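K.L.:
What follows is a single structure, and I will ask about it in a moment.
Please treat every number below as a calculation from the coordinates, not as lab data. These numbers come from a predicted model, not from an experiment.
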Amino acid sequence: MTQKPSFAFIAASWVAFGTGLIGYFSGVFGNKELQLTDKGYYFTVIMFALFAVISVQKSVRDRLEGIPVTDIYYGISWFCTVLSIALLIIGLWNAQMWGSEKGFFAFSFVLALFGAIAIQKNTRDAISKEKPF
């Protein structure tokens, strides 16, 4: 019972993803007080998180549709998602930033992850509607 996503939801997903990434990267690369190692850390954390949440979304969807997914891949996907969020929390906890800056990072991070999950869902729904398995 997969329904093709509406244009409005597709657009909202891309806007959420773009807004989250632009906000996050402007916080990382626009902050002159962050050292290059810190910038690399925050960049790596979001890339890791984006890959992890897309893997979780795909694994969950595959299982719902009866496509085999190994328990180890499913578990690793969830572990990496939780780990990436924990790494962001640890990094922000120890960062020498204002609380408002930390909040900005956290909210833009979550918005980017939500957008990535929604884009993956929309892509999968569009493909499923065109070519049933």
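K.L.:
Tell me the label only: which of (1) 39, 38, 27; (2) 51, 35, 20; (3) 48, 44, 36 is Cα extents along the principal axes in Å as calculated from this structure?
P.N.:
This structure yields the entry labelled (2).
K.L.:
From the square roots a ≥ b ≥ c of the eigenvalues of the alpha-carbon gyration tensor of the range 67-112, which class results: rounded (a/c under 1.5), prolate (a/b over b/c), or oblate?
P.N.:
oblate
K.L.:
Between the helical axis of 71-94 and the dominant principal axis of the chain, each derived from Cα atoms, what acute angle in degrees is found, rounded to the nearest 10?
P.N.:
20 degrees
K.L.:
Please work out how much length the chain gains when fully extended from residue 7 to residue 26, using 0.36 nm per residue of separation minus the C-alpha to C-alpha distance, in nm with one decimal.
P.N.:
Working: separation 19, 0.36 × 19 = 6.84 nm, distance 2.78 nm.
Residue separation times 0.36 nm, minus the Cα-Cα distance, leaves 4.1 nm.
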